[in-house]
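Beneath this line is the structure, given in structure tokens, with notes to follow.
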Amino acid sequence: MTCSACSSRVNKAVAGLEGVTEANVNLLKNSLAVTFDESLLSDRDIVAAVEKAGYGARPRGRRHPGAASEGVRDQADPAGRELAEMKRRLIVSFIFTIPLFYISMGHMAGLPLPDILKGPGNSLAFAFTQFLLTLPVMLVNSKYYRVGFKTLLAGSPNMDSLIAIGSGAAAVFGVYAIYGISFALGQGDLATVQKFAHNLYFESAAMILTLITLGKFFEARAKDRTSEAIAKLMDLAPRTATALRGGLEVTVPLEEVAVGDILVVKAGESVPVDGVITEGGGFLDQSAITGESLPLEKKVGDGVTGATINKSGHFLMKAGRVGDDTTLAQIIKLVDEATSSKAPIARLADKISGVFVPVVIVIALAATAVWLLLGYDLEFALSIGISVLVISCPCALGLATPTAIMVGTGRGAANGILLKSAEAIETAQSVDTVVLDKTGTITEGRPRLTDLKPADSISEDELLTIAASLEKLSEHPLGQAIVREAERRGLEFKKVIGFEQIPGQGLTGTIDGHLCLAGNAKLLQARGIEDQGLSPRGERLAEEGKTSLYFARAGLPLGLIAVADVIKESSRQAVSEMRAMGLEVIMITGDNAKTAAAIQRQAGIERVVAEVLPQDKERAVRDLQERGLKVAMVGDGINDAPALARADVGIAIGAGTDIAIESADIVLMKSDLLDAVSAIELSIAVMRNIRQNLFWAFFYNIIGIPVAAGVFYGLWGLTLNPMIAAAAMSLSSVSVVSNALRLRFFVPRHTPLTAVRETKDAASPSEAHQTSKRSRTMKKTIHIEGMSCGHCTGSVDKALKGLAGVSEVNVDLKDKAATLEAADGVSDELLKKTVTDLGFTVTGIE
């Protein structure tokens, strides 16, 4: 296939078969994806239909859920082979076309020619030499003739047909001229000899083929670059893995790794497959999969993803998903399917291309006939016809959409945004309403301790110690948030005797001989304990969407601790960016109205629908659509599946390694709502690029065909030489592909997150006191001795970032220093203690 007429013809031939439910032809990848009923059709029947249409085909492999197609793995090879073939043809073409052009045109510029080619008497040698130089160019580019005439005879002419007819007509006229020269020489008619010698057209035939091949070479080189994203993804996976076999480390090919194998991953190596760490740990660079820029610490029990890089550390892992089941294979599969799908806008180009080539042939014949009837000679009329044929090749129409789709989806994949179809891209750019799930989308999805309010008689750490000692014996998510904060502070847990859970109220247990209580306000009331003003505080915190837990010891209140599912660091900015784009933002949640209102205020959302059951979310989305709105639903892809499927565009956020979410159209690998903004911006950029490509492709033909047909010849003497027409046609295809390649430099317009982060203010109780009034920060440098590797710097970085009031931490192993921004309340002693507790030495703080 060489143009949109080809892809349209193949699509029509296959889609018309009984049993075919969907057929998508991709001109860029020379592929056909077919969904069909195997009880009615076979691969052989589909291949036969393609061959009947005048093209060749062979099965590449079948797709099924959870497996990457075989073709994906060698997808980059056809583009490379095509580029190498075009380069060979181009070199041969230029070797013979350059001397041919010199011989045919050089004497007009006063350039010397051999005596054997000069004068009317040597006209036969002059013509025959040009014929001999033209033959190799035609032979090396014989594909144009084979495919062009084959499809023409099959009733489905394409771009090759136009080239074959145009250049073939020029060559045939040249042969006719040779016989004319020979006959005229025999008659001694030198005037006729000279006339034929000046109208050979061999150089036009050769130059048309050469210039079109030059354009195809640039086009192939550009197309090869469009698949760079997928090629880079495929290159991420290591070729081998180190497995433990009989207690020994053995290097095995990646395809031999089986589920359950124990693999060894050393510093600097890529993780071979998806699995779980069983021993050791490390800091993994997951940027290639999720787009996260900073390495994440992984320890025993944590899941790891194939193709991520172990920057430091050493660990053993148990293989969980291998081969086509790995995350990387799934990503490649999704990207490949997206680039193989067809956007609705492409159907317009397909419909036009289906009739375009036959119409052009009719126009070329009509133009030739008209100029002959007007009394012009055969040479002029033939030149007009050839120019119309050559300039009208619809390559640009066929490349306009798939090139932009391929580059756009590749760019998205590089940023952790998986666009599952071309239709999703086209729909996403037209949404006017975004519906957001709350838990896990706007919020972090798990509770965190936000406020610590001890009574006057007790310190924060003492209250937290008692609370965590009780809650550690509970499995309640709110209690686990308290336990995590105590562990972060390094507090020691106390022994609890007589632990008891009271349904609907809380916990009781004896610590250091005193009965301690933990629960809601009802628990204290039931035990006759005065809360000493804690209840009003709890009510105020409830208005902020926080849940308050009350604690008492020996009949006296100890204080309260507030826990909440806080909004993510980027949620407020993401909502702001959406509103700036003119989108209406709505939050739908099953939470109570008070909590929903608190999240609404924090995130800056215009409208909230609260206390909605999961099954009712789909109805809410449908109601919006019935009002004529284009709706994008952003959710976690699990309990939001009905709403994701109902929405015009379903966006699954925070999918992590579970990327095969069938209900979503777009999958975001990170739990970052800003990526939803980026996905919409990317779809807008891709569709803008497609429209630009289609405009120039149509505009080029609208202007080019009349000029080539000589419509303006009578007014301004304007017409086109066939060689110039060939160059213009090639330039149009190259310009379309080059324009699509600009998408490789797509960058989301949204600004980086501010240095002062709102969720960090809510991360710990001491910071929560500063939510109404920001403290002044200062930059500090801590000089540290003892760090020797990335694991060391990672530990220091994590510990310092965990401190209340500390931000913008940067640990440099080379300089043996950590720079950070700290609030006024953060003392040098605290910074020093934090670092020394890790086993390092602080030599100074500036």
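Within region 457-476, identify whether any single residue is part of a loop (DSSP other than H, G, I, E, B), open to solvent by less than 40 Å² (accessible area, probe 1.4 Å) and at pLDDT 85 or above, and answer yes or no. Yes: one or more hits. The set of residues from region 137-170 being surrounded by fewer than 23 Cβ atoms within 10 Å (Cβ to Cβ) and touching a Leu at 6+ places or on another chain (Cβ under 9 Å) comprises MET138, VAL140, ALA169. If only residues of region 292-327 that are of a type in the set (S, T, N, Q) and surrounded by 16 or more Cβ atoms within 10 Å (Cβ to Cβ) are counted, the one that is farthest from ALA414 (Cα to Cα) is SER312.
Scanning region 501-521 for residues that are of a type outside the set (A, V, I, L, M) and at pLDDT 90 or above yields THR508, GLY509, THR510, ASP512, GLY513, HIS514, CYS516.
Residues of region 123-169 that are in a helix (DSSP H, G or I), farther than 19 Å from HIS198 by Cβ and small (Gly, Ala, Ser): SER142, GLY148, SER161, ALA164, GLY166, SER167, GLY168.
Taking each residue of region 735-762 that is within 26 Å of PHE218 (Cβ to Cβ) and surrounded by fewer than 16 Cβ atoms within 10 Å (Cβ to Cβ) and looking for partners that are of a type in the set (Lys, Arg) and modelled with pLDDT of 55 or more with beta-carbon atoms closer than 9 Å, six or more apart or interchain, yields ARG744/ARG225; ARG744/ARG411; PHE745/ARG411.
This table checks each residue for (1) part of a loop (DSSP other than H, G, I, E, B); (2) at pLDDT 85 or above; (3) open to solvent by 30 Å² or more (accessible area, probe 1.4 Å).
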{"site": "THR2", "(1), (2), (3)": "yes, no, no"}
{"site": "CYS6", "(1), (2), (3)": "no, no, no"}
{"site": "ARG9", "(1), (2), (3)": "no, no, yes"}
{"site": "GLU18", "(1), (2), (3)": "yes, yes, yes"}
{"site": "GLU22", "(1), (2), (3)": "no, no, yes"}
{"site": "LEU32", "(1), (2), (3)": "no, no, yes"}
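Listed here are the residues, each with its yes/no results for (1) over 21 Å from ASP648 (Cα atoms); (2) open to solvent by 10 Å² or more (accessible area, probe 1.4 Å); (3) touching a residue at least 24 places away in the same chain (Cβ under 8 Å); (4) acidic (Asp, Glu).
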| position | (1), (2), (3), (4) |
| --- | --- |
| ALA381 | yes, no, no, no |
| SER387 | yes, no, yes, no |
| LEU399 | yes, no, yes, no |
| PRO402 | yes, yes, yes, no |
| THR409 | no, no, yes, no |
| ALA414 | yes, yes, yes, no |
| THR427 | no, yes, yes, no |
| VAL435 | no, no, yes, no |
| ILE442 | no, no, yes, no |
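In this structure, does ILE567 turn out to be of a type in the set (A, V, I, L, M) and either open to solvent by 50 Å² or more (accessible area, probe 1.4 Å) or under 27 Å from ALA468 (Cα atoms) (or both)? Against the criterion (of a type in the set (A, V, I, L, M) and either open to solvent by 50 Å² or more (accessible area, probe 1.4 Å) or under 27 Å from ALA468 (Cα atoms) (or both)), ILE567 qualifies. For a quick check of your reading of the model, give me the residue pairs whose first member lies in region 695-715 and is free of Cβ contacts under 8 Å to residues at least 12 places away in the same chain, whose second is of a type in the set (Ser, Thr, Tyr), with beta-carbon atoms closer than 8 Å and at least 6 apart or on different chains. Pairs found: PHE712/THR719; TYR713/THR719. The set of residues from region 110-132 being out of contact with any helix residue (DSSP H, G or I) (no Cβ under 7 Å at 6 or more places or on another chain) and either of a type outside the set (A, V, I, L, M, F, W, C) or surrounded by 14 or more Cβ atoms within 10 Å (Cβ to Cβ) (or both) comprises GLY110, PRO112, PRO114, ASP115, LYS118, GLY119, GLY121. Checked against the criterion of being assigned to a helix (DSSP H, G or I) and at pLDDT 85 or above, region 104-114 contains not a single residue that satisfies it. The residue that is modelled with the highest pLDDT, counting only those in region 638-657 that are touching an Asp or Glu at 6+ places or on another chain (Cβ under 7 Å) and open to solvent by 60 Å² or more (accessible area, probe 1.4 Å), is ARG646. For region 593-607, filtered to residues that are under 31 Å from the mean Cα position of the chain (by Cα) and open to solvent by less than 70 Å² (accessible area, probe 1.4 Å), the residue that is nearest to LEU673 (Cα to Cα) is ALA603.
Inspect region 499-508 for any residue being free of Cβ contacts under 8 Å to residues at least 60 places away in the same chain, assigned to a helix (DSSP H, G or I) and touching a helix residue (DSSP H, G or I) at 6+ places or on another chain (Cβ under 8 Å) and give the result as yes or no. No: zero hits. Tally up the residues in region 212-248 that are modelled with pLDDT under 80 and either open to solvent by 30 Å² or more (accessible area, probe 1.4 Å) or in a helix (DSSP H, G or I) (or both), please. Number satisfying all stated conditions: 21.
Do we have GLN480 as touching a residue at least 60 places away in the same chain (Cβ under 8 Å), open to solvent by 10 Å² or more (accessible area, probe 1.4 Å) and polar (S, T, N, Q) here? Considered against the rule, which asks whether it is touching a residue at least 60 places away in the same chain (Cβ under 8 Å), open to solvent by 10 Å² or more (accessible area, probe 1.4 Å) and polar (S, T, N, Q), GLN480 comes out as no. Within region 522-540, if we keep just the residues that are within 18 Å of LEU464 (Cα to Cα) and open to solvent by 30 Å² or more (accessible area, probe 1.4 Å), the residue that is modelled with the highest pLDDT turns out to be ARG537. I'm trying to understand the selection: among the residues of region 698-711, which are at pLDDT below 85 and either open to solvent by 60 Å² or more (accessible area, probe 1.4 Å) or of a type in the set (Phe, Trp, Tyr) (or both)? Across region 698-711, the qualifying residues are PHE698, PHE699, TYR700, ILE702, ILE703.
The values are calculated or read from the model by the stated rules, or taken from the named source; none is laboratory data. Keep in mind that what you see is a predicted model, and the values were worked out from it rather than measured. Heads up, the Cβs are rebuilt from the backbone with ideal geometry, glycines too, and the neighbour counts pull from every protein chain shown. Areas reflect the complete protein model, heavy atoms only, side chains present, ligands, DNA and RNA absent. Shrake-Rupley method; radii C 1.70, N 1.55, O 1.52, S 1.80 Å.
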